[in-house]
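**Q** Mind looking over this structure? Questions follow.
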Amino acid sequence: MKIPKSHPRFASLMTRELIADAVKKGIASEHGLIAHGRGEAFDYLLGEKTTENAKKSIKVAAALMLLAKYPVISINGNAAALAPKELVALSKIVPAKLEVNIFHKSRHRELKIKEHLIKNGAKEVLMPQKNFQIKFLESNRKYANKDGIYKADVVFVPLEDGDRTEALIKNGKKVITIDLNPLSRTAKNATITIVDNIMRAMPLLISSIKRFKSLKTSEKELNFICSNYDNKKILKDSLNEMDTNLKSTL
Ligand code: PTJ
């Protein structure tokens, strides 16, 4: 669909096109459309901007990615649709492995996501393996790659659904997520939640990592940045921000 640039909701409509197109190409699941709608609603409440609060989480997430011994980026259909180039760029700059992991089971779609990431510059994309399962998890997301999520100490899981974050934490891993919904179980259980739109947060996360690297920030400083982080406070502040926006709208 051709959307005129002058449309007041041009950016939002173009993003919908990305998701709709990814469903047609077999990258995103049709359930991804619903997930996207929910994200849009929270983004609206947030004022469709990256808050100071989100910037704090982004900085700590960047520090934790650099401190990780074995970081892995988990990619589902929506993340692949909305930020493929940025996810690949993140994997190269950290560096971290990229692994396909989807909730709505489909081998065909897993392969489509892999292909899409390779088209967007990825050299290697790990796939889930039947013999390597994350404990405390029933869904299709339990399957992991032995050289990826299975052995990761830090897993980056943007736009996650429900229970996997909890399971990853129970398996001794740290989890970083991007989720516009501060009330979601993922947001509540993650080590670090970036309450922002993946499309706005990814470039900022990459810049933050580049900055730490260019300043040769020491492990001690990175640890200090992580040590003061309080995810519950971030979620509460995000909700307060939405509340303030709501009250000042009309
Ligand atoms: O490809 P699959 O099969 O793994 O499925 C991917 C989806 C996203 C459909 C699946 O993981 C799912 O159903 O997720 P949920 O439970 O709807 O959770 C997705 C979360 O991401 C929700 O809390 C949304 O508010 C949030 N979200 C949606 N769009 C964005 C977002 N957060 C950040 N940026 C977005 N653009």
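**Q** Between ASN78, CYS226, ILE134, whose Cα lies farthest towards the positive end of the dipole of the chain when Lys and Arg beta carbons carry +1 and Asp and Glu beta carbons carry -1, centred on the Cα centre?
**A** So the residue we want is ILE134.
**Q** Which translational diffusion coefficient, to the nearest whole µm²/s, is obtained for the range 1-49 from the Stokes-Einstein equation, given a Kirkwood hydrodynamic radius over C-alpha pairs, 37 °C and 0.692 mPa s?
**A** Using the Kirkwood radius from Cα pairs, D works out to 283 µm²/s.
**Q** Let me ask another. If you look at just the Cα atoms of the range 82-160, how large are its Rg and its Dmax in Å?
**A** In order Rg, Dmax, the Cα atoms of the range 82-160 give 12.1, 34 Å.
**Q** For the range 1-62, what is the charge dipole size about the Cα centre, in debye to the nearest 20, if Lys and Arg each add +1 at the Cβ and Asp and Glu each add -1 at the Cβ?
**A** Dipole magnitude for the range 1-62 comes out near 180 debye.
**Q** Moving on to the next point. Please list 189-197, 216-224 highest first by mean number of surrounding beta-carbon atoms within 10 Å per residue.
**A** 189-197, 216-224
**Q** What FRET efficiency comes out for LYS232 versus PHE132 if R0 is 30 angstrom and r is the Cβ-Cβ distance? Round to the nearest 0.05.
**A** 0.40
**Q** What are the equivalent ellipsoid semi-axes of the range 164-212, built from the alpha-carbon gyration tensor (square roots of five times its eigenvalues), in whole angstrom, biggest first?
**A** Semi-axes, largest first: 21, 14, 6 Å.
**Q** Dipole size in debye (nearest 20) for the chain around its Cα centre, Lys and Arg Cβ +1, Asp and Glu Cβ -1?
**A** Around 620 debye, computed over the chain.
**Q** Still on this structure, please answer the following. Quick one: if the Förster radius is 30 Å, what FRET efficiency do MET1 and LYS188 give, using the C-beta to C-beta distance and rounding to 0.05?
**A** 0.25
**Q** Among ALA201, ILE118, PRO95, which residue has its Cα positioned farthest towards the positive end of the charge dipole of the range 85-232, with +1 placed on the Cβ of Lys and Arg, -1 on the Cβ of Asp and Glu, and the dipole taken about the Cα centre?
**A** Of ALA201, ILE118, PRO95, it is ILE118.
**Q** Right, something else. What do you get when you divide the Cα radius of gyration of the chain by 2.2 N^0.38 Å, with N the number of residues?
**A** Dividing the Cα radius of gyration by 2.2 N^0.38 Å gives 0.97.
**Q** Another question about this same structure. Could you tell me which of the pairs LYS24/LYS142; LYS97/LYS210; LYS85/LYS247; LYS112/LYS173; LYS55/LYS174; LYS92/LYS112 are separated by over 29 angstrom between their Cα atoms in the structure shown?
**A** Going by Cα-Cα distance, LYS85/LYS247 fall outside the 29 Å limit.
Each value in this text was obtained by applying a stated rule to the coordinates, not by laboratory testing. Everything numeric here is computed off the predicted structure, so don't read it as measured data. Ideal geometry is used to build each Cβ from the backbone, glycine not excepted, and the neighbour counts take in all protein chains shown.
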